[in-house]
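> Structure provided below as C-alpha cells; questions to follow.
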C-alpha cells in the first residue's frame with residue numbers, strides 16, 4: 001500500500017467563494033463551532049474527554065445535529081473536503097486556520113469512502129495518510145452510509161466523537177462505506193512527517 005504524506009493544500013477562503021449560499025453555510029459551521037471550542041479550549045484530548053464528548057454532544061444532541069447537517073451540505077455542495085488525496089474516495093480541506101476567532105483551533109473536513117477499495121485491510125477498511133497529533137484531536141464522526149464507521153483510539157465510531165491524545169499517531173481509517181470526519185486541532189497542529197513503524201520512511 002502506497003503511503004503518501006502530503007500537507008494540506010490551500011482551501012479558498014470565504015470571501016473568495018462565488019456561491020453566497022455555500023459561503024453562508026461555511027460561515028455557519030464555523031460560527032456553530034466557536035461556542036463548543038470555547039468550552040473545550042482547556043481540555044486535553046484522550047479517553048475521558050472522548051467519553052464526555054459522546055455523553056454531552058453525541059448524535060442526539062443539538063450541536064451534533066447542527067454540525068452534521070452543515071458538514072454534510074459542505075461535502076455535497078463542494079465547499080468541504082475539496083482536495084482529492086486518493087481520488088474522490090479520500091478528500092480533505094481545512095475550513096479555518098487556528099486563529100483568535102476560532103479559539104486557536106483549526107477546523108478541517110475529511111471525506112473517506114471504503115467502498116470497493118483494493119488495499120486489502122481487515123474488514124475491507126480504507127486507510128488514509130499516516131499522521132501524528134502533537135496536541136491531540138477532537139474529531140466528530142458523521143456516517144453517510146448505514147454501516148460506515150471511522151476508527152478511533154477506543155475502537156470503531158459509527159457516529160459521535162473520537163479524541164486521540166497528544167502525541168498519538170495513526171492511519172485514519174474508515175469501513176462500511178462513506179463517512180465524514182469534522183475535526184478540530186489545537187493550534188492547528190498535525191504532522192504528516194511521522195514515520196510508520198515497520199515501514200521505511
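> Report, in cubic angstrom per residue, the convex hull volume of the C-alpha atoms of segment 56-121.
Roughly 138 Å³ of hull volume per residue.
> Quick one: length gained pulling residue 52 to residue 158 fully straight, 0.36 nm per residue minus the C-alpha distance?
The span from residue 52 to residue 158 would gain 36.5 nm if fully extended.
> How far apart, in nm, are the 7 Å Cα→Cβ label points at residue 189 and residue 76?
Here the answer is 3.7 nm between the modelled labels.
> To one decimal place, what orientation-averaged projected area in nm² is obtained for the convex hull of the Cα set of segment 77-201?
Computing the convex hull of the Cα atoms and averaging its projections yields 7.9 nm².
> How do the peptides 130-142, 32-44, 165-177 rank, highest first, by the average count of neighbouring beta carbon atoms within 10 Å per residue?
Order by mean packing, descending: 130-142, 165-177, 32-44.
> To continue, here is another question. Suppose R0 equals 22 Å. What FRET efficiency, 1/(1 + (r/R0)^6) with r the Cβ-Cβ distance, do residue 83 and residue 123 give to the nearest 0.05?
Calculated value: 0.25.
> Further question on the same structure: How high is the FRET efficiency between residue 115 and residue 42 when r is their beta carbon distance and R₀ equals 35 Å, given to the nearest 0.05?
0.35
Every number in this text was worked out from the coordinates using simple rules, so none of it is lab data. Model, not experiment: these values are computed from the prediction. FYI the Cβ positions are ideal-geometry reconstructions off the backbone, even for glycines, and counts take in every protein chain you see.
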